[in-house]
1. So, in the range 36-56, of the ones that are in contact with a helix residue (DSSP H, G or I) (Cβ under 8 Å, 6 or more places away or on another chain) and in a helix (DSSP H, G or I), which residue ends up modelled with the lowest pLDDT?
2. Any residue at all in the range 26-33 that is at pLDDT 80 or above, loosely packed, with under 14 Cβ neighbours inside 10 Å and part of a helix (DSSP H, G or I)?
């Protein structure tokens with residue numbers, strides 16, 4: 001397994017959830033570097049907190065590996081304050097993803113057009 005797959009225990013190599021986490025991590029790295037300056041650590045304290053929160057939310061996603069993109073999800077699992085913070089990051093980093101991470105951005109756009117799985121208990 002590659003290092004980004006280790007972030008989500010049991011993640012399949014090409015699962016939507018693993019791609020979603022990789023996308024969020026890339027967006028946060030870009031945002032943090034641009035807004036909080038280059039530092040020796042990957043993230044500043046605020047961005048590291050948001051990164052960890054996003055990882056926990058993805059680990060506990062009710063859809064599992066069949067997770068839709070957050071914009072198309074029927075279950076919004078982020079708290080209001082964290083949802084606003086991640087929205088700011090995604091709004092800034094989203095357009096830049098095509099230049100920095102084109103394959104990841106295209107896969108994310110394709111995932112957004114696939115039908116969302118139904119929730120079953």
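The values are calculated or read from the model by the stated rules, or taken from the named source; none is laboratory data. Only a predicted model underlies this, so the values are computations on that prediction, with no experimental measurement involved. As a convention, Cβ positions derive from the backbone with ideal geometry for all residues, glycine included, and neighbour counts pool all protein chains shown.
1. Going through the range 36-56, the residues in contact with a helix residue (DSSP H, G or I) (Cβ under 8 Å, 6 or more places away or on another chain) turn out to be 36, 41-44, 46-47, 50-51, 53-55.
Those left that are additionally in a helix (DSSP H, G or I): 36, 46-47, 50-51, 53-55.
Numbers: 36: 82, 46: 87, 47: 87, 50: 90, 51: 91, 53: 93, 54: 90, 55: 91.
Among those residues, the one meeting the criterion is 36.
2. The answer is no, given that none of the residues of the range 26-33 is at pLDDT 80 or above, loosely packed, with under 14 Cβ neighbours inside 10 Å and part of a helix (DSSP H, G or I).
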